[in-house]
1. Once you've got the Cα coordinates, tell me which of Lys179/Lys296; Lys108/Lys195; Lys246/Lys296 are over 22 Å apart.
2. Which whole-number percent of Cα pairs in region 174-330 have a distance greater than 23 Å?
3. Assign unit charges at the C-beta atoms only (+1 for Lys and Arg, -1 for Asp and Glu), then state the dipole size of region 211-330 relative to its Cα centre in Debye, rounded to the nearest 20.
4. Could you name the aspartates and glutamates whose alpha carbon sits less than 20 Å from that of Lys313, not counting residues in the same chain fewer than 8 places away?
5. For region 242-304, taking Cα atoms only, what is the radius of gyration to one decimal and the Dmax to the nearest whole Å?
6. Would you list which aspartates and glutamates come within 14 Å of Lys55, measuring only between C-alpha atoms, while excluding same-chain residues fewer than 8 positions from it?
7. Using a 1.4 Å probe on the protein chains only, how many percent of the accessible area of region 210-294 belongs to carbon and sulfur?
8. For a quick check: with amide H placed at 1.01 Å from N, whose amide H comes under 5 Å from Thr201's, ignoring anything fewer than 5 positions away on the same chain?
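The values are calculated or read from the model by the stated rules, or taken from the named source; none is laboratory data. Since this is a predicted model, take the numbers as computed values, not measurements. Please note: Cβ atoms are built from the backbone with ideal geometry, for glycine as well, and neighbour counts cover all protein chains shown. To get the accessible areas, we keep the full protein, side chains included, count just its heavy atoms, and leave off ligands, DNA and RNA. Shrake-Rupley method; radii C 1.70, N 1.55, O 1.52, S 1.80 Å.
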Amino acid sequence: MVTPQTKRRIRVSIISKYSAWVIIRAVALIALFIIVVSIYRFGGLEFLGDESTQKLVYDIMLRIVLSFTVWFFLACSKKIIIPAIIITASSALGKLVNDTATAKKTNKAITQYLTYIVYCISLIALFLIWTYHLIGTWISDIIGSGLVIMLTFILGLFSSSVLGNVLGYAILGGTNEFKVGDRVQIGDGCGDVIKVGFFFTRIKTVKDEIISIPNLTVMNKEIHNFSALQDVLLYVPIYLGYDVDKDIVQTTLIEAAHKTNGVMSAPNKEPFVLLRELGPCTITYELNVHINEPCKIAQIKSDLISNMLTELKKAGIDTSPPTYITIKNK
């Protein structure tokens, strides 16, 4: 994951790398504009004939200069603006991407989307520059006002969660972290993915509830995709007192696992018990089992807990937490 210090260094390196490139071209465009205006104002086009001809040539020269300005904006976007946006979004991307190949694929997809937007803005600008005298001032004003409103709207989206959800949709589509039909857990929500929309990811829980999670929230949560693997490791902790024999506990829990439908017992997939923690009054045992039906994980876990309680009761093991009372002599 890229740290803020690393991102800052990368942004500084991009600016330092292209600062001379930007300055030279910006100065050249300004100088070219000043030269064109000066030639016209000081009579440099009088050899062309009457005033209308001079005005026509002057307008064409200005449009050429403005077209170069659009090209300059397009080049700056590809070299500076888009890479800076990619670096800024890398923190959110790092929460989802698990490998380098997926990260490259996602960066490429986001770059393409941003490039399309920049090209659309450039084409609209060129259209306004070269058709101003044909479509009339009033139509140009309407289009220009619409462009200003659109840009203002886009900038407003950057400061809200709306654009974040849309970018989240693009990133989720590029990373392929999950697809429709997968059993996933996103934060506290667990269920099957039924739709990945522009703004929300919808999952259907085991209780047939539809949960809509904003894509921006999905990007900020850990995603557990139970359908991504052929089998899933399911674990259930239980707390028992120090007076209980640990070997009997392990044997009893494994027996409960073998009696649970959906629990695998193939070689290298046998149930096993771990001792997780020694508490003040209890020992934490953890029963681990492999299952190959992720969509039934809730039901299998429920059956497993039921069998654990049954087998522990048969073995005469008390599952209630022990209580210790200390009496001090005065």
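1. With Cα atoms farther than 22 Å apart: Lys108/Lys195; Lys246/Lys296.
2. Result for the distance tail: 51 percent.
3. Here the size comes out at about 360 debye.
4. Asp243, Asp245, Asp247, Glu255, Glu286, Asp303
5. Over region 242-304's Cα set, Rg and Dmax evaluate to 12.9, 38 Å.
6. Within the straight-line cut-off, Lys55 pairs with Glu46.
7. Of the solvent-accessible surface of region 210-294, carbon and sulfur hold 53 percent.
8. Those lying under 5 Å, H to H, from Thr201 are Ile213, Asn215.
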